[in-house]
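Down below is the structure, laid out as C-alpha cells.
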Amino acid sequence: MRTVRDLSVVGLAVAAFLTATTSAAAAAGEPDPQFSKDGKAIVGFPHHIVKNRALTALGTGNAPVVATSIRRTPDDDPSTVGDRYRDVAVARLRADGTYDRRFSRDGRAVIRIPGTDQYAADVAVQPDGKPVVVATNDGSLLVTRMTRDGSLDRAFSGDGLAEVAFTAAGGIAGVDIAPDGSVIVAGKIQVPRGGASDADFAIAKLTPSGSLDPSFSADGIATVDLASDEAASHSRDEARAVVVQPDGRIIVGGFTYPGDFPYGQTEFALVRLSATGQLDPTFAGDGTVTGDFVTEGGILDLALDAQGRLLAVGDAHNPIVARYDPDGDLDAAFAGDGTASIPFGDRDYAFGITAQPGGKPALAGVERGRDGGDFAIMRLTGAGTPDLSFAVNGLFSLDLLRRSQEHGGVPGGFDLASSIAVDAHGRLVAGGTAGGDRAAVVRLLAGR
C-alpha cells in the first residue's frame, strides 16, 4: 500500500509538472498570476510623486528592487516643494509582488541628503542582496549602498554614500557589480579641450568598502576619448550603460558625437576595459567600437547572453538592437548583419535589454499612442526577428494608468518600461512607471 501511495503521489507531481510546463509554454508573454495576483505591482511612496523613470534589478530569491526619484509634496516638506528637490527612493518586493516588510519596515526607503537634488540613474543588487544605487548629485554621481534591511550600509565609505567626480549622460548612468565585489560606475566627464568643454567616457571602480580602487587606472577612474578632433568643436563621448563580464573585464556603452555631425545625431559607442582599467586590444583591435550606425541617443543599455555575446539597445527613430561577438564584431547570424530595427510602432522607444535562456533578447520600452504611452516588452528570436510565440506577435503592451489611479495615482501621464531582467526561472521582470507618477513592476511568464 505504501508503494502504491508513493507512486500515485509521484504520478500527480509529474502530471502537475507537465501541466505547469505546458501552461507556461502556451502563455509565453502573459502576466504571471503568482506575482501580485495579476503580474503587475504598482509601487508608491507616501506623500511623494515619482519624478523619473523607475529602474528594477533582481536580488536574492527573485526579489525585485526598484529605484527611482521622488518629488517632495506639501504633506512631506512644505518648505521645499517642487522639482528642485528630489530624493532617491528604493523599494524591495517579495517574489510574490508584495512589499518586503523586512526592508525599511514597509518595503520602501527614501534616501534624503539635505541640500541635494538626486536623480536615480541605475541600480544593481549585490549577490548578498545589498542594493547599490547610482544617482546624479549636482554635477557628480552619488553611489549609495544599502543593507538588506533598507538602511544605509556604513561598511561602504563610512556612511553608505560614495561620491564620484563625474556625472550622468542625460540623466542616465550605469552601475554593475564585478565578480570580486567591486562596484563599477559609468558616466561622462567634462574635459576642457581646444577652448571648448568636451566630454569623455568615464568609468570608476570602487572597492567593496566604497573607496576608489588605485589598482584601476592608477586612481580608480578611467577616461576614454573617442571623438576628439581638432577640426571639430564640442565633441562628446558619453557612457550610459555598463556590464561586467564573468572574467572581470568591463564593457561600457553610450554614444560618440564627433562635433561635425548634424545636431542630435550620434553613433553607437562601445569600450572594453581590462579589470585594471586599460583598453582591451582583443576587443575590435583597440578596445573600442564606433561608427556602426547613426542614432539619436546611442546605446541605452547592455546585456550579455549565455554565449558571452553582447546585446546593445539604442534609438534610431525606432529601437535598434545590435549583437556583438565576444571579440567586438557585429554578429552576422543576428538579423543578417548584426543589427535589427524593432518596429514597436511610430516613434516608440526601448530603454532596457536582457537575454533569456536560449539567447532570446527581450526589450523594455514604451509603445506610444494618442493617449500617451503603454508599458511595452518585446521578445526577439535568437535570429533577431520578433518572436511570434511571445504575447501578441512578439509584443506585450499594457495600459497601467487605470491601475495606477486605483493606487492613488493622478490622471494623465503615460506608462513606460525602462529596465528589464530575467529571474532564476527565466521569467521576465520589467520595471518602469505607471501613469507618470507611480513606479511599476511587471512579471511575465517565460514560455520557451
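Between residue 215 and residue 154, full extension at 0.36 nm per residue minus the direct alpha carbon distance yields a gain of 19.6 nm.
Here the label points at residue 425 and residue 332, each 7 Å from Cα along the C-beta direction, are separated by 4.2 nm in the simple model. Here the spin labels are modelled as points 7 Å beyond Cα on the Cα-Cβ line, and at residue 60 and residue 385 they lie 4.4 nm apart.
For residue 188, give me every one of the lysines with a C-alpha distance below 29 angstrom, ignoring sequence neighbours fewer than eight places off in its own chain. Within reach: 51, 130, 205. Among 416-424, 99-107, the peptide with the highest mean count of other Cβ atoms within 10 Å heads the list, and the full ranking is 416-424, 99-107. Rounded to 0.05, the FRET efficiency of the residue 393 and residue 101 pair, given R0 = 30 Å and the Cβ-Cβ distance, is 0.15. Maximal additional length on extending the residue 265-residue 30 stretch stands at 81.0 nm, based on 0.36 nm per residue less the C-alpha distance.
Just so you know, all these numbers are worked out from the coordinates, no wet-lab data involved. This is a predicted model, so every value here is computed, not measured. Here the Cβ is made from the backbone with ideal geometry for all residues, glycine too, and neighbour counts use every protein chain on show.
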